[in-house]
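For reference, the structure is listed below as structure tokens.
The values are calculated or read from the model by the stated rules, or taken from the named source; none is laboratory data. The model shown is predicted, which means the values in this text are computed figures rather than measured ones. Neighbour counts run over all protein chains shown; Cβ positions are idealised from the backbone, glycine included.
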Amino acid sequence: MKKIILVCLYLLFVTANAQQITVSPAIFQVNEPITITVSFASPTCNEMGTNPSKVYMHSGIGTEANPWATAKGNWGNDDGIGLMNDNGNGTWSITITPSIYFGLTATQQTDATKMGLVFRNANGSQTLKQVPSCSDFFIKVGSFQATLTAPSENSTTIITSGANFNITATNTNGAASYTLKANGTTIDTNASTSSYSFNHTNILSNQSYELSIVQGATTIVKKFAIVVNPNTISQTMPTGLVDGINYNSNDATKATLVLDAPLKDFVYVAGSFNNWQPSSAYAMKKDPSSGKFWLELTGLISGENNTYQYWVVDATPLTNSLSLVKTADPYSTLVLSPYDDPWIPAASYPNMPVYPAGQNFEVSVLKTGQTPYNWHVTNFTKPEKEKLVVYEVLVRDFDAARNYQSLIDRIEYFKSLKINAIELMPVMEFEGNESWGYNTSFHMALDKFYGTSDKLKELIDLYHQNGIAVILDVALNHAFGRNPMVRMWMNDPDGDGFGSPTEENPYFNTVAKHAYNVGEDFNHQSLKTQNYVNRVIKQWIEEYKIDGFRWDLTKGFTQNCTASDGGCTDSYQQDRVDILKKYADYSWSLDPTHYTIFEHLGSDIEEKEWANYKIDETPSKGVMMWGKMTGPYNQLSMGYASESDISRMTSSSHGFVANRLMGYAESHDEERLMYKNVQYGASSGTYNVKDLNTALSRMSAIGAVSLLVPGPKMIWHFGELGWENSIFTCNDNSVNNDFDAISGDCKLDTKPQPQWANNWLGNSNRNKIYNDWAKMITLKTTEPVFLGTPTIASVNSLSVNIKINNSNLPSTQLKDVLIIANFDVVAQNVATGFQYTGTWYNLMDNSAIEVTDVNATLNLPAGEYRIYGNKEASLAIENFEKGNVVRLYPNPVSNYFTLNIAAAKVQVYAISGQLVKSFVPNGNIDFQFGVSDLKAGLYVVKAFDQNGKIQVMKFIKK
């Protein structure tokens, strides 16, 4: 089963499998001691193996409806709470008295009828659950038990209008009192029986039943339902409607829902507007031409949140499929989840709509009369593709608050780094909260863990105001099990509401058609899938003004291969080329300057078809391709010549007509360069790359030989500060990259933020990388020479030589650049090959050298680099941020600083963007700006003159 569900939330009420666990005695009272024994003999639903080193029982006790009402155990902690004893024969046991173990009150003891159990290893990364559904175990408590014999508990039965319905139940321990309610109204009682039967006749509407069985002070409630076939009305759908919610622009009391559900017999809409008890008035009509279901809702209140689900019915389902699936709208733009929402901080998502009580699975939110976001920037001009420097960021791991506000607060950090685009790893509604986001379930909905829709728009608007484009990472190769289009046509033999696609599914393959799949594999040759993808594109471009998409795992967009055939997946596939061009065309039809980026990492033959596609149009298009170069760059940073050839960093080496290779030395998928530097770096004498500061000193050179290569480039967050934590760092700060372990590795675990807690910007070794890269990015984005042609020799060498020429520029301008670097662990005489003799300038400080011999070597210390140009760089100077008119001294600052101008107002900001000090010197040129109370670190100063003009500079507080 394909599920990502937080333990203790979604509960399946089933009995324990005797082969896995035994309880002695089998029938017990809440205040009697019991021994629970668990066996690990079977591998099914067992992540712990046959011989675990430690076993913890995570348990709860409560009622039939909530067996986890009182829970015991601290998930992920090796603290002894729930620790079981090894019996030495593959079984583990624990003896408890439930009333004492759970600390139950007298009322809780009276109400206790069921226990929930899950078994885990010490850190909670491995579990044993019930076969075959891999769900929680449940055991009965007390001598009084009741069984619903017909229908099945929690079942839904489909009937025709006017049919009868028989209900039977039995109980143990003598006679009990039975009360049957339908839609909240009592329809039958029996005061004293141990065998109950009732026939509900002439049923005309949907019924939700509760059968309460009482013996003494104990009450057991059994729930079930019936749905009446409404005999769907065939009626032409109004023109202009699209799948999902269609708001009425003229009447905020109305909205029309559209659902495309081929092979389904009828659909109800249940929601807050009908108290989740839909009558025939909420049976959807069916358009005879398209076959789509539709329904106009009336009587809605403007500005009020409405929640709803579709009840989708197949009267004759395939074997192992459900007759009734209750699902959110596939085209939801906001969904509520009972699995994830309770753990979303109110600070990140204030006033979140409340999940409706008594429902299961995700629900959609509908709200008429919404106030549109007031965009400050409505005509953002995107940076040229060739000049892009993209900062890839996982919102979850960027700052401790883990939300969009963090990125808003850190705008000065990005501005000072000079990047001109950020790429957010997936923010569409994904399963769980602590995720990378690639387990997407609703592609048109924003995941609430990071913040509200308006907060993301505020972020985008702010970044646009500062010239920074916003790109989204989208995972449209696949969807995960909560996706409605999976659930409406799924195999679900255990009836838990989750499963895998059936052969009837019009969107998904039953088995993946490529070798790299996760989740459920979309069939992109399906017109329905194509329509869905286009709607996703349209939503994010038009609603959020997103500037581009990074398409994850584009190798999966073929129907020609199998999961076991990597060779097929990696080779040229015409259907994949065609469909991805089609999606690019649709993006460009909505926004001709939209960035389209493919993570293909495949053959040049296929990639160059996209990179060169419509390159000559105005505006010039062409797909940007992710260019993974981690291996060779890491070899250089560690100090090893083998496999260090970086010539593939150029677009031309791939056969691209224009600069469309988004090359990178690091990404979220690759190990950190700095981690491998300090783990495996080379050494010679006192120079050892494994030394942290030595390793850090080499990262500026990595920036020089990567960022400045013409064409779009990417930075993975905190590479610019030399983050040395492994991407396999676990929640407990250990490192686990064991791909073969039952529990998997820790790649997806939430990471710490030492860069803020330890003030990395105040660390001169890390700050130097940040400032050097910022200068390089400024060169790249402002100097036309970096739109030119690069030449990188195809060699494995620790001496790197890159020549860049822009023949379109006159000789009076900066038109030639030479970059050299020594990645050895000893000083080297590095070959140069200047393009011609004369005066050349170090573009990092504009210092001049005279070149009389173009082939002369230059001695560079280990880990050093030089960037030479035939002319000075206009912005590569010490105070390149805003010019050099205003001077701040001393710098670094101990207690105060002064300025060389008579400022009217001065503001001091933390690098996060927070205003920390404000001064009004009233034109006093001798004013001393006291900062002794500030913590050590990097700060930004804004100085305003009498005319309101602003100069910006930075200082380091010692």
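Worth pointing out:
- Checking each residue in the stretch 647-685 for being over 26 Å from residue 422 (Cα atoms), modelled with pLDDT of 95 or more and in a loop (DSSP other than H, G, I, E, B) picks out 655, 681, 682.
- Picking from residues in the stretch 721-779 that are closer than 21 Å to residue 120 by Cβ and over 22 Å from the mean Cα position of the chain (by Cα), the one that is modelled with the highest pLDDT is 734.
- Where residue 240 falls short, out of the listed (1) buried (at least 18 other Cβ atoms within 10 Å of the Cβ); (2) more than 30 Å from the chain's Cα centre (by Cα); (3) of a type outside the set (Lys, Arg); (4) more than 30 Å from residue 184 (Cβ to Cβ): (1)
Here's the yes/no breakdown for (1) at pLDDT 95 or above; (2) small (Gly, Ala, Ser); (3) part of a strand (DSSP E or B):
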position: 205; (1), (2), (3): yes, yes, no
position: 212; (1), (2), (3): yes, yes, yes
position: 228; (1), (2), (3): yes, no, yes
position: 239; (1), (2), (3): yes, no, no
position: 258; (1), (2), (3): yes, no, yes
position: 263; (1), (2), (3): yes, no, no
position: 269; (1), (2), (3): yes, no, yes
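- If you go through the stretch 577-594 and keep only what is in contact with a strand residue (DSSP E or B) (Cβ under 9 Å, 6 or more places away or on another chain) and part of a helix (DSSP H, G or I), you end up with 580, 583, 584, 587, 588.
- Of the residues making up the stretch 103-126, those that are in contact (Cβ under 8 Å) with a residue 24 or more places away in the chain and either of a type in the set (A, V, I, L, M, F, W, C) or not in a loop (DSSP other than H, G, I, E, B) (or both) number 14.
- Qualifying residues in the stretch 134-172 (those that are aromatic (Phe, Trp, Tyr) and not in a loop (DSSP other than H, G, I, E, B)) - the one nearest to residue 111 (Cα to Cα): 138
- Here residue 666 passes the criteria (1) free of Cβ contacts under 8 Å to residues at least 40 places away in the same chain; (2) touching a Leu at 6+ places or on another chain (Cβ under 7 Å); (3) acidic (Asp, Glu) except the one numbered (1).
Let's see how each residue does on (1) under 25 Å from residue 172 (Cα atoms); (2) at pLDDT 95 or above; (3) touching a strand residue (DSSP E or B) at 6+ places or on another chain (Cβ under 9 Å):
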| position | (1), (2), (3) |
| --- | --- |
| 25 | yes, no, yes |
| 34 | yes, yes, yes |
| 46 | no, no, yes |
| 55 | no, yes, yes |
| 67 | yes, no, yes |
| 84 | no, yes, yes |
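- Enumeration of residues in the stretch 67-77 that are over 20 Å from residue 140 (Cβ atoms), free of Cβ contacts under 8 Å to residues at least 60 places away in the same chain and either small (Gly, Ala, Ser) or in contact with an Asp or Glu (Cβ under 9 Å, 6 or more places away or on another chain) (or both): 73
- Residue pairs whose Cβ atoms lie under 6 Å apart, separated by 6 or more positions or on different chains, with the first residue in the stretch 705-720 and part of a loop (DSSP other than H, G, I, E, B) and the second modelled with pLDDT under 95, are 718/755.
- Selected residue [part of a loop (DSSP other than H, G, I, E, B), small (Gly, Ala, Ser), closer than 30 Å to residue 691 by Cβ and modelled with pLDDT of 95 or more] from 620, 644: 644
- Each residue in the stretch 614-627 was checked for being buried (at least 21 other Cβ atoms within 10 Å of the Cβ) and not small (Gly, Ala, Ser), and 5 of them qualify.
- Hey, residue 157 under 19 Å from residue 496 (Cβ atoms) and out of contact with any Cys (no Cβ under 9 Å at 6 or more places or on another chain) or not: yes
- Considering residues of the stretch 139-171 that are more than 16 Å from residue 211 (Cβ to Cβ) and hydroxyl-bearing (Ser, Thr, Tyr) only, the residue modelled with the lowest pLDDT: 143
- Set side by side, the residues 597, 546 differ, and just one is part of a loop (DSSP other than H, G, I, E, B), within 22 Å of the chain's Cα centre (by Cα) and at pLDDT 95 or above, which is 546.
- Counted residues, the stretch 182-203 - those being surrounded by 17 or more Cβ atoms within 10 Å (Cβ to Cβ) and either outside any strand (DSSP E or B) or within 47 Å of the chain's Cα centre (by Cα) (or both): 2
- Qualifying positions in the stretch 78-102 - polar (S, T, N, Q), part of a loop (DSSP other than H, G, I, E, B) and either without any contact (Cβ under 8 Å) to a residue 12 or more places away in the chain or crowded, with 17+ Cβ neighbours inside 10 Å (or both): 89
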